[in-house]
1. Given the pairs Lys104/Lys179; Lys153/Lys276; Lys104/Lys276; Lys130/Lys165; Lys116/Lys165; Lys179/Lys218, which span a C-alpha to C-alpha distance of over 21 angstrom in this model?
2. Give a quick list of GluC sites (Glu not before Pro) in region 98-157 that DSSP marks as loop, anything other than H, G, I, E or B, with at most 14 other Cβ atoms within 10 Å.
3. Write down the radius of gyration of the chain and its Dmax, each obtained from C-alpha positions, in Å.
4. Per residue of the chain, what 222 nm ellipticity follows from adding -39500 (n - 2.57) for every DSSP H run with n ≥ 4, rounded to the nearest 500?
5. In debye, nearest 20: dipole of the chain around its Cα centre with unit charges on the Cβ of K, R (+) and D, E (-)?
6. In debye, nearest 20, what is the charge dipole magnitude of region 5-72 about its Cα centre with +1 on Lys and Arg Cβ and -1 on Asp and Glu Cβ, if you could check?
7. For a Förster distance of 45 Å, can you work out the FRET efficiency between the beta-carbons of Leu115 and Phe45, rounded to the nearest 0.05?
8. Counting other Cβ atoms within 10 Å, which trypsin sites (Lys or Arg not before Pro) in region 31-83 have at most 13 and lie in a DSSP loop?
Amino acid sequence: MNFTLHQLQVFLKVAQLKSITKAAEELCLSQPAVSIQLRNFQNQFEVPLLEIVGRKVYITEFGEETARGAGRILAEVRNISMQAKALKGALSGTLRISVVSTGKYVMPFFLPGFLKEHPSIELDLDVTNKAHVVTHLERNEVDFALVSILPEKPALEALPLMDNKLYLVAGGQPQFPKKLYDHRILADLSLILREEGSATRLVAERYLRQNGVAVGRKLELTSNEAVKQAILAGLGCSIMPIIGLQSELEKGDLKIIPLKGFPIVSTWNLVWPRSKQHSPVAAAYLQYVASHREQIIHDRFSWFQSY
């Protein structure tokens, strides 16, 4: 066998995305170039790696095993390259982080100081929903992930960062004069939920289920920003994290409905697979966050403590 690292990279990307078109876009290659690399790689094996039916790509069992091996090989190659550069005194490479969508209001504040200290490091930050974040962890595609609810699998190590508080949030009108409401108020409200697979959706559904609440009117949206805009437009209320609502809460455009059992508090955790061997870049970042998190929280999130 005489396959190249480039062929491994192309095959791994196609296996991950199950699409030659998407793989070509991410690798900044033409589709014919990707197809040629795939064909040259496949020609070195008597067993098929993938099947193309119509326009869909299906990975065979052997292809899945090969993709896992390719991921390990490419990770080791990156580590060797970064270690060589580290010996020259400059920490360089790519820091890969996957963040659940609400985490976009948290993660950026834990990055500038580190990147300023190490200008040769590149950042690959993917903001998506919890299901995709878990997939990134399972495939060992990232150094770290930021989550507010720890998944059951894979087995993870975690560094707690800060609290995540969820409240029942409504627009500036109508008024809610009572000091405290119970869950029955939800039956009279239009409730806006995140999509299936979202950690925020899981928390909201758990509360509704535990309290036996049957919601009559529901709207489902695919991001916290969309939920916020829907609330501002008067389409309903939502159980949601307030981490991204500072400006609207301070101006009174949004308000918290005092609901019994709230806030629901979880923890933002920086996580990584338990068996993962950190690259020099990842190890340095973990040390940076551990030593700077309290100061970052004080400087950037002091407003959060008043809710």
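Values quoted throughout were computed directly from the atomic coordinates according to the rules given, and no laboratory measurement underlies them. Just so we're clear, the structure is a prediction, and the values are computed from it rather than from any experiment. Heads up, the Cβs are rebuilt from the backbone with ideal geometry, glycines too, and the neighbour counts pull from every protein chain shown.
1. Pairs exceeding the cut-off: Lys104/Lys179; Lys104/Lys276; Lys116/Lys165; Lys179/Lys218.
2. Passing sites in region 98-157 are Glu152.
3. For the chain, the Cα radius of gyration and maximum Cα-Cα distance read 22.8, 74 Å.
4. Details: 10 runs with 123 residues, N = 307.
Rounded to the nearest 500, it is -12500 deg cm²/dmol.
5. Roughly 500 debye, rounded to the nearest 20.
6. In debye, rounded to 20, region 5-72 gives about 180.
7. The value I calculate is 0.65.
8. Listed in order of number, the matching sites are Arg55.
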